[in-house]
Structure formats: structure tokens, C-alpha cells
Amino acid sequence: MSGLNSNPASLGFIGLGVMGSAQCLNLLRKSGIPVTVFDLDPDNLARLVDAGASLAPSVGDVASVSDVVFLSLPGGREVSSVLHGDGGVADRARPGTLVVDLSTTPVEVSREAHRLLGARGLGFLDAPVARTRKAAVAGTLAIMVGGSAADFTRARPLLHMMGTDVTHCGPGGAGALMKLLNNTVVFETVVALAEAVTVARRSGLVTDEMLFDVLGSGSAASFALENHGRSALLPDTHPTGIFPAAYMRKDIGYTLDAAAELGVELPAATLAHDLLNRLCEQGYGENYHTAVVRLIDGPEK
């Protein structure tokens, strides 16, 4: 593919929400390359513009001036619209442009993007991110990438400005699949931790701190325990503005769809999805997904 080398002269970033804004700031500060940005929410733009980004009036305008375009969007519907809609990225990007999608999407949305953008002479990587908002700010995300080895090589230096663990997982769709499996395992672990902390509290035999210290020093130790358990389940606070239950429900729904296409039943993931449905119905859709403990720790019988 022509038109893009390992030293892009311009970058674009579309989607400046909780994760995207932090990732874009790291690109601005570390790359030394001009960055053009767009977001539907004007409140998300000010900080990036103050840091030196240029504001574009539309997603197509970002694509038309960028050698590499990053997306960080809520889900598959938004990604498809930005990529394939009239006047969107596919319509306006120059041949040779590389599009890197940092969003969490269905596998088929990513595979379709590889096909359709490739037919237009554009590169595409599905490169969803894992870990927390704190990791996004620090530039220590884990990034799972699907796409060609050549496109991965082009994007890798930029991805390392946002993440410390950047893995080429395989062909188009591989990154998307790995992120969905990651999130499913994380939430299933959060459910197990919510069950454990509820039983421990009801028993009156051990403190919450003892529970997490013992689990954390044994075979139940995990990233989810240290980051979701200690930060949210232990203090029993489940704020808005960080990976809400509604987003986790979406992601596990994507996992169930991918499994269904392969003829695989996922009983634990199905239960997790049902719990998230109930959590959202009870008004916790915007709260951190650890609020699932509210369902488990119901009124005492």
C-alpha cells in the first residue's frame, strides 16, 4: 500500500471520551506529530485543543488530512457509521491512510472494515484496549491488534505511546475477539468477587480487607481483584464516568453473538449478561459495572 510510511506527518483522532481523550493526549505529548480531532461533544474537545490539537468540523475532515486515523468510539454501530457513512472516513481518507480502531466492537464489524477499507486502498487495524482509565492516562494500556503484519509495524510506535503491552494477535478481527474474551473473563471474575464479598460481609467472620488480602495472596489473585475489587468492591463505591454497566453489557453481548456464530454455548457469559440486564433495569446502567454487587447483596432474608 502506498502513501504511508513509518513516519506519518499527520494524525487524526475521532472520539474523545473517557478513554479516547487520554489516549489522544499521550499521542500529542509523545509523538511530536500534528493531531486533528473530532468529537460530537464540544466539552470533550477543549482539553485537546488546549494541548495543541487542531479541531476538525467532521469525521471526514479528520480523515482527509491524516496519514493515520484513530477511532475510540462507544461500539460497533458508531464505528460503522464513522467509517462507512456518507462523507465518513472511507469516503474522505486518502489512499494509503491507515485507520486504527481502538474501540470495542463485534468481530464481524472489524472484519467488514478490513474488507471494505482495503477495497478503497486504506489500511485498517482492529486494536481495542484493555485496563483502566488510570492506565489510559499513564499510557500503560494493553492493546490487542488484528490486521496485517505490515500495518501493525506501521502503527506499533504510535500504539506504544498509549500502551505498554501491544500484541499483534492475528489477522483482521483477532484483536476484536481477544478484547471481547478479555472483558467477558473480567466481568465473570467481578461477579465471583461480588459473591465472595457479600458472603464474607454477611458472615461477620472476616473484614473486607482480610478477604481481599487473603484472596490476593492465594490462587484467586488477579488483575480484576486488585483493580476492580480493591478500588470499587472493597469501598463499595461504583461511580459513573468509568466503564459503565451498560458498556459491559454491550461487550458481553458481542461475545455471545460471536460464540453463537461458532455454535458455542456460554452459560457463564449468558448469566453475566442477564445480571447486567437486571442491573441496567434497576437504574445502574451508568455506574461502574462492579455495581453488580447491588444485585447479589440484596435485602437480608
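Among Leu234, Leu205, Leu159, which one shows the biggest mean-square fluctuation in a GNM of the chain, springs joining Cα atoms closer than 10 Å?
Comparing Leu234, Leu205, Leu159 in the GNM, the peak value goes to Leu205.
How far apart, in nm, are the 7 Å Cα→Cβ label points at Arg94 and Arg77?
3.5
Over the range 108-216, what is the relative contact order in percent, taking alpha-carbon pairs closer than 8 angstrom and at least six residues apart?
23
For Asp151, Asp101, what's the fewest-to-most ordering of other Cβ within 10 Å of each Cβ?
Asp151, Asp101
With contacts defined as alpha carbon pairs under 8 Å and 6 or more residues apart, what's the relative contact order of the range 123-281 in percent?
18
In nanometres, what is the gap between the two model label sites at Glu195 and Ala9, each 7 Å from Cα along Cα-to-Cβ?
5.8
On a full-extension model of 0.36 nm per residue, what is the gain between Thr167 and Val206, subtracting their alpha-carbon distance, rounded to one decimal in nm?
Additional length available on full extension: 10.0 nm.
May I ask what percent, to the nearest 5, of DSSP beta bridges between residues of the chain are antiparallel?
15
Around Leu27, with a cut-off of 14 angstrom between Cβ atoms, what is the net charge of the other residues, counting Lys and Arg +1 and Asp and Glu -1?
So the environment of Leu27 carries a net charge of +3.
Restricting to lysines 8 or more places apart or on different chains, can you count the pairs in the chain with Cα atoms under 28 Å from each other?
Qualifying lysine pairs in the chain: 5.
Read-outs: derived from the displayed coordinates by stated rules, not from any lab. The structure presented is a predicted model; accordingly, all values stated were derived computationally and were not measured. Every residue, glycine as well, gets a Cβ built from its backbone with ideal geometry; the counts of neighbours run over all protein chains shown.
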